[in-house]
Each structure stands twice: as structure tokens, then as C-alpha cells.
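K.L.:
Attaching a single structure in C-alpha cells format; questions to follow.
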Amino acid sequence: MSASHRLITAKAAASAAAARQIQLRTAASVPLLRGDRGRGFVVLRSPSRLRVIKAAAGGGISYGCGGGKIRVRPCSYAVGDQRAVEDLVEKGGKGGDRTAEVLVAAGVTVVLGVGNRVLYKLALVPLKHYPFFLAQLATFGYVLVYFSILYLRYHAGIVTDEMLSLPKAPYLAVGLLEALGAASGMAAGAILSGAAIPILSQSFLVWQLLLSYIFLGRRYKFNQLLGCFLVAIGVIITVASGSSAGSLMEAGVFWSLLMIVSFLFQAADTVLKEIIFLNAARQLKGRSVDLFVVNSYGSAFQALFICLLLPFLSKLWGIPFYQLPNYLKDGAACFLNNGAISSGCDGAPLLPLLFVIVNMGFNISLLHLLKISSAVVSCLASTVSVPVSVFLFTLPLPYLGVASSLPPGFVAGAVVLLVGMFIYTCTPLLGPSAAPPPPQPSVD
């Protein structure tokens, strides 16, 4: 009996030792995810299942995101919270599927971005005297639409109470940044020439790279920085090649700097939204906050700050504040295309409504792309829509009259832009997934 017991004990010890050797060999080929209080998890993959075991705590890991690398800091996952770790690893493990998802989302964003720019131009045909009304219609209309969608998604179980209970201070900051970006952009745009704005708008990409470096800890490779630079240069060549060389400085340095600052606010807004998604994934134990939660509360706070800035904004548009109610009333009559003021409002309400719908879809797709990739990738997708829109304006579009001519440097600028996109995307949009462990020998 004693000999039999010793034989069983020895065999069990040998099995445990062999299992520990397999785990140690496998741990070398998979990432270590840090948990609470310095504890860690090693994720072991097999064709049939995914297991999580405790391991010695190590340093944080780096993984690719939107072409850059981000340092993973200690997260709040509890030891044994297998579902949270599995979800996080599965998101990084399916690199090919995730890259395809990012590319499809980027393509949809480019298409909607082009439609947004073209339809804005068409919407201003009937509302040419009421652009400020159109801006406020979009701002306050989005609050109603987004919260309606949020309500439906909440009752469908997509949005949870945990998502709605997340801190509201970041959404407040998002609304403030969007309102400040709109106000400073309107102020500078009223003075600057049309050719100067697309050139200065390329500072948006620079700000995003800088803010991602500071607040997200991203480190970009040389080919990524070169690609972003070429994309910006391509847009500048495409848009500004037909304008006079001195158009940028005609309005003075102050207004150019103010426009650059407005793009700083917008870039900070997008980076802050990315931080919101990252923090929410930690607070929700690996689950991601629904983008309509971010859109709804961000739009609500933006509308609040726009209300506070209305006296300033109406003055920028040349509307005395005491005349603002009458202006909005006339704008609504033109939008509905009825009443005595309806003459000259041909195309309303169809064209303005199409713009509002497509603009909303563009904002949603842009936020979705930011959620699954990064702020820089979403910026690049939005940037690509600029030269495509310039080309479409050379076509005989309805309501626009005579089509504009193609800028002399359009082809050269488009080639530079495409080369920049190719160079940037040479680095995978997402980091490589962990290598699979070696086959596990059977232990008798």
C-alpha cells in the first residue's frame, strides 16, 4: 500500500513538473497582461479553448494601435476575471479580422466625408442667407437624435446601466472643446480666404500626432510620420495649387494662428474621446462603452456651451444678438420652404435634410473608426475626403451652376497623398497577435 502510494505521488509530481515546463515555455510566446496590485495573467491558446492562469507579474506590454504603439499600464482586472482578459486578448488576437474591419470602416468614413462636404455646399444653396441657422439646426438636432437612438439601444440591452454611470466630466470636456473649436474656427474662417483654410487644417494631423504622443504614450515609426507628412502635403498641393501664393497671409498672422488653435481644440477632442474609450474598457472590465453614449453626452454639453456662446457667435456671423430670434424664424421658414420668405429657397428642405443626415452618419462613422483604431487613423480617413470632394466639384452637380475647374496641381497632389497613405499603412494598423504556443505533449 505504501509503495503504491509513493508510485502515485511520484507520478503526480512528474505530471505537475511537466505541466509547469509547458506553461513556462508557452508563457515566453504570449503577452503578459498585468492585473490588480501587480498580479498578472498568462493567456494560453489552444485550437479548442483559451485558458487563463496566474503568472508572475511583469512589466507592461506594448502593442500596436492605429499604426502607433501604446504602453499598457496596470489595469483594474481582478485576478480570475477570465472574461475580461479573454475579451481583451481576443480583440488583439484576431489581427487580420480587425485590420479588415478598420479598412472597411475607413472606406465608409471617406465616402461619408465626401458626401458631407458636397452636401454642405448643396445645402447652402437654399440657405445661402442662413448658414448660422443650418449650423444650429445640426448642433441641437443631433442632441435629440442621438439621445433617441441611445434610448432605443438602452431598452434593447445594448447600452447598460454601467455605461451610463461612467463619469460625466470627460463628456463635459468633450463638449467644451467642440464648442471652443467651432467658435474659434468660425471667427477665423470669417476672415481667412477659402484657400487658406484647407492648408491650415493640416495642422489638425500634427496636433493629433503630438497629443497622442503626450497623453496616450504612442510612439510612431519614421515611415508613419513620413506618411502623415506626405498626406498633409498632398492635400495642400491639391487644394491650394490654383490659388495665389499670398492668400495665406492676406488676413494677417493672428487669424491664421487662431485657425490653427481651433484645430488644436478639435484634435484634443478626438484624442480625449479615444482616452474615454480606453478608460471605459478598463472600468467596464474589458467591455467597450457604446459610441452613442459618448456622442449623446458630448453633443449635449456642446449644445450647452454653444448656448452660452450664442451672443459671440451671432456677432461673428454679422447678426446682432437682439435680432437673432427673427433670424432663426426666417431661417426656419426658408428651411421649410413656405411662407413669404420662401422665394430663393429652392431645394429646401431636401438638401439641408440630406446634409444633416449624412453629416450625422459621418460623425458616427468617424467615432466608430476612432474607437476601433486611433485618432490619427480617423484623421487620415477624413483628410482623404478633401481631394475627392475637390474633384467632385468639377462635375456638373445640380443647383451649383457652372462647375469649377480642376486645380493645376490636383494630379500631383493626389499622387503624393496616395504615396503617403501607402507608406503609413506599411505598418499594420494593429499589433501582431501573440504567437501560438508549441504543441503540448501528452503527460501520462
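K.L.:
Consider Ala434 against the criteria (1) at pLDDT below 90; (2) exposed (fewer than 14 other Cβ atoms within 10 Å of the Cβ): it satisfies all of them except one. Which criterion is unmet?
P.N.:
Result: Ala434 fails condition (2) only.
K.L.:
May I pose another question? Out of curiosity, is Arg98 part of a helix (DSSP H, G or I), under 20 Å from the mean Cα position of the chain (by Cα) and within 24 Å of Phe393 (Cβ to Cβ)?
P.N.:
Criteria not met by Arg98.
K.L.:
Can you confirm whether Ile197 is under 21 Å from Asp269 (Cα atoms), over 17 Å from the mean Cα position of the chain (by Cα) and free of Cβ contacts under 8 Å to residues at least 40 places away in the same chain?
P.N.:
The answer is no for Ile197.
K.L.:
Hey, Ile158 hits all of (1) free of Cβ contacts under 8 Å to residues at least 60 places away in the same chain; (2) in a loop (DSSP other than H, G, I, E, B) but one; which does it fall short on?
P.N.:
Tallying (1) free of Cβ contacts under 8 Å to residues at least 60 places away in the same chain; (2) in a loop (DSSP other than H, G, I, E, B), Ile158 fails exactly one: (1).
K.L.:
Consider Ser184 carefully, then state whether it is small (Gly, Ala, Ser) and either outside the structural domain of Ser262 (by TED's automatic domain parsing) or surrounded by fewer than 17 Cβ atoms within 10 Å (Cβ to Cβ) (or both).
P.N.:
For Ser184, the condition - small (Gly, Ala, Ser) and either outside the structural domain of Ser262 (by TED's automatic domain parsing) or surrounded by fewer than 17 Cβ atoms within 10 Å (Cβ to Cβ) (or both) - is not met.
K.L.:
Looking at Ala135, Ala105, Ala100, Ala84, which is the one that is of a type in the set (Gly, Ala, Ser) and at pLDDT below 50?
P.N.:
Matching residue, one of Ala135, Ala105, Ala100, Ala84: Ala84.
K.L.:
Just to verify a result, which residue in segment 161-194, among those that are outside any helix (DSSP H, G or I) and within 21 Å of the chain's Cα centre (by Cα), is farthest from Leu313 (Cα to Cα)?
P.N.:
Leu166
K.L.:
Would you confirm whether any residue within segment 197-205 is modelled with pLDDT under 95 and in contact with a Leu (Cβ under 7 Å, 6 or more places away or on another chain)?
P.N.:
yes
K.L.:
Output the residues belonging to segment 315-344 that are surrounded by 15 or more Cβ atoms within 10 Å (Cβ to Cβ), more than 35 Å from the chain's Cα centre (by Cα) and outside any helix (DSSP H, G or I).
P.N.:
Within segment 315-344, just Asn337 meets the criteria.
K.L.:
Do you know which residues across segment 304-331 are more than 21 Å from Pro352 (Cα to Cα) and of a type in the set (Gly, Ala, Ser)?
P.N.:
Selection gives Gly318 alone.
K.L.:
Among the residues of segment 218-233, is there at least one that is in contact with a strand residue (DSSP E or B) (Cβ under 6 Å, 6 or more places away or on another chain) and either surrounded by fewer than 20 Cβ atoms within 10 Å (Cβ to Cβ) or among the acidic types (Asp, Glu) (or both)?
P.N.:
yes
K.L.:
Still on this structure: Look through Val125, Val143 and report the one residue that is part of a loop (DSSP other than H, G, I, E, B) and either buried (at least 18 other Cβ atoms within 10 Å of the Cβ) or over 19 Å from the mean Cα position of the chain (by Cα) (or both).
P.N.:
Checking each option against the conditions leaves just Val125.
K.L.:
It is to be established whether one or more residues within segment 372-382 are hydroxyl-bearing (Ser, Thr, Tyr), in a loop (DSSP other than H, G, I, E, B) and surrounded by 17 or more Cβ atoms within 10 Å (Cβ to Cβ).
P.N.:
Checked segment 372-382: at least one residue is hydroxyl-bearing (Ser, Thr, Tyr), in a loop (DSSP other than H, G, I, E, B) and surrounded by 17 or more Cβ atoms within 10 Å (Cβ to Cβ).
The values are calculated or read from the model by the stated rules, or taken from the named source; none is laboratory data. All of these numbers come straight from a predicted model, not from anything done at the bench. Virtual Cβ from ideal backbone geometry, glycine too; neighbours counted across all protein chains shown.
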